[in-house]
């Protein structure tokens with residue numbers, strides 16, 4: 001393969017793996033007018049994807065971004081059928097290196113030579129994913145965030161053998177999906193987002209394990225506290241404001257020393273004993289068990305839509321992605 | 001002191017330390033109708049606090065929570081004058097144990113016996129703060145989040161010698177301020193929020209130090225990615241949804257093993273060399289330097305207000321705090 005096909009709007013997209021992530025990818029592309037063929041060996045595929053698409057349609061209707069014409073969604077009988085004719089193939093299978101490699105081999109045996117192959121992995125290295133491929137230059141990671149049809153960020157990461165062309169095509173495809181792709185320039189385990197998320201997750205597990213806080217308490221500290229800030233500015237821009245007129249350097253010099261304080265148990269990882277898993281499950285049940293997953297999804301999506309609209313009215317951050325999406329719809 | 005004065009709405013509040021946090025505490029209480037006396041030795045106090053109060057008034061006007069009657073704001077000439085007659089004294093001085101202890105000694109020599117004394121520290125242990133006090137039972141930590149007049153969370157932490165009564169009075173006072181106080185039941189370094197924030201901050205510093213990502217890129221991953229989610233649900237409730245119909249235990253069993261992967265550099269702390277401090281300062285300038293701090297504050301507040309109103313319309317999370325605030329105003 002000399003180069004993957006040109007970027008811009010992919011007319012035909014293939015989704016391999018139809019869990020929460022794969023289904024939401026399908027929904028986003030269908031709502032952006034692309035024809036989508038999806039394949040997953042599970043018997044549940046059609047029900048899961050239809051449900052996710054319903055959620056996505058409802059969310060986009062509330063956003064005011066309902067497309068004039070949806071793409072056609074097809075449930076393929078085989079992987080080969082799903083990838084046939086696609087210019088973008090998005091793999092969203094479970095996080096297992098061997099099974100993903102096997103999927104890429106199957107994809108390569110059926111896909112067009114010019115197709116871009118993207119993996120939704122949240123942490124496996126693209127260099128490892130592409131190691132056994134015939135045309136490794138067309139493999140990228142495109143790591144999205146749930147719900148994929150509403151969250152604009154997608155991390156784009158290339159491996160050692162990924163071509164620059166593939167990166168730029170991936171970026172333009174995701175732009176066409178109405179997203180805000182970020183090219184992660186250095187290939188590291190877990191990329192950027194999951195580095196941060198794993199750090200929080202690990203610390204949160206310690207807090208629960210040590211009985212310091214429940215899942216509800218931790219979630220409240222986040223969603224009624226700093227999480228509100230992070231929906232519109234990130235870590236550094238908020239700290240920049242905290243530094244006041246002294247700015248960022250003032251902030252770091254003032255608060256930096258606390259990094260050496262014993263404020264973390266991050267040097268070790270709690271063992272995921274059955275007891276701990278059960279405790280977290282129980283606490284989560286007590287916190288959210290009176291809602292079904294469907295109800296929680298609907299609540300979450302309603303909140304996100306209204307916040308996105310709010311941010312759009314301020315022409316800021318993720319609101320700019322909605323504005324762009326609206327201009328395009 | 002047998003017990004601190006009854007909870008409910010404190011008519012007279014004293015703020016010691018008038019930086020960004022102290023000024024915003026003053027603004028919240030004045031807008032909740034309490035009379036506030038504030039003291040800080042800095043010559044800038046009146047300007048800083050007046051600016052913060054202007055921001056807060058504007059934000060509350062947009063929220064629709066402008067009070068019928070504001071409290072009276074007084075700039076005291078001394079600490080003794082500031083604490084005289086106050087039922088709640090909120091200390092928001094720099095993060096230094098010795099200087100805070102010295103301030104508490106001064107407070108105790110002038111304050112009413114029944115006054116509750118709260119520290120805004122984000123990490124110093126209340127047991128250490130109260131160690132030299134005559135009436136240590138009335139000392140609590142009340143750790144807020146910037147901007148204090150908009151973010152509802154405040155962590156309430158007692159030390160070994162704090163009375164249960166002081167905790168419950170603190171909780172009722174902060175409720176009266178329209179906040180959503182959380183009683184952190186176990187006294188640990190950094191409490192809950194800063195445990196999580198320090199973990200992210202440390203990881204983010206590594207990413208910047210190693211040249212993996214810039215402050216802008218990290219902020220974008222947060223504010224266009226998972227930060228959007230965290231403004232309305234926390235870590236666990238989002239992961240619960242990610243687990244799909246299998247729920248929380250399914251999620252943990254599926255993703256837990258990645259905790260053992262080499263996905264973090266959290267076992268060590270980067271040295272805050274001048275070079276690193278300068279690099280972060282420069283990147284932050286490139287990212288945000290075209291806005292003044294005042295402009296950034298206004299943008300941030302507009303975003304937060306609109307998101308809070310959005311969440312209120314959904315009767316969810318932080319929106320419930322706004323609803324309560326409105327019912328009270």
Within segment B:42-84, backbone nitrogen closer than 14 Å to the virtual label 7 Å beyond the Cα of residue B:292 toward Cβ: B:48, B:51-52, B:55
Label point 7 Å beyond Cα along the C-beta direction, distances from residue A:185 to other copies (nm, shortest first): 4.8
Cβ-based exposure ranking for A:162, A:134, B:215, A:50, in which fewest neighbours within 10 Å come first: A:134, A:50, A:162, B:215
Peptides B:223-233, A:304-314 ordered by average Cβ neighbours within 10 Å, highest first: B:223-233, A:304-314
Ranked A:155, B:61, B:95, A:237, criterion: other C-beta atoms within 10 Å, fewest first: B:61, B:95, A:155, A:237
Extended-chain gain in nm, criterion 0.36 nm per residue less alpha-carbon gap, residue B:109 and residue B:186: 24.8 nm
Gain in span if fully extended, residue B:8 to residue B:81, counting 0.36 nm per residue against the direct Cα distance: 23.9 nm
Number of partner chain Cβ atoms within 10 Å, mean per residue of B:298-306: 6
Sequence of A:75, B:145 once ranked by neighbouring C-beta atoms within 10 Å, starting from the fewest: A:75, B:145
Spatial separation of Cα centroids for segment B:137-165 and segment A:123-144, in angstrom: 48 Å
Average beta carbon contacts from partner chains per residue of B:90-98, 10 Å cutoff: 1
Distribution of pairwise C-alpha distances over segment A:70-119, 10 Å bins, in %: 25, 56, 19, 1
Peptide B:201-210 - average C-beta neighbours from other chains (10 Å radius): 5
Segment A:12-184 - share of DSSP beta bridges that are antiparallel (%, nearest 5): 15 percent
Alpha-carbon centroids, segment B:172-212 and segment A:14-68: separation in whole Å: 36 Å
Approximate spin-label separation residue A:164-residue B:320, in nm, with each point projected 7 Å along Cα-to-Cβ: 5.3 nm
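Bear in mind these aren't lab numbers, they're just calculated from the coordinates by the rules spelled out. These numbers come from a predicted model, not from an experiment. Counting neighbours? That spans all protein chains shown, and the Cβs are built from the backbone with ideal geometry, glycine included.
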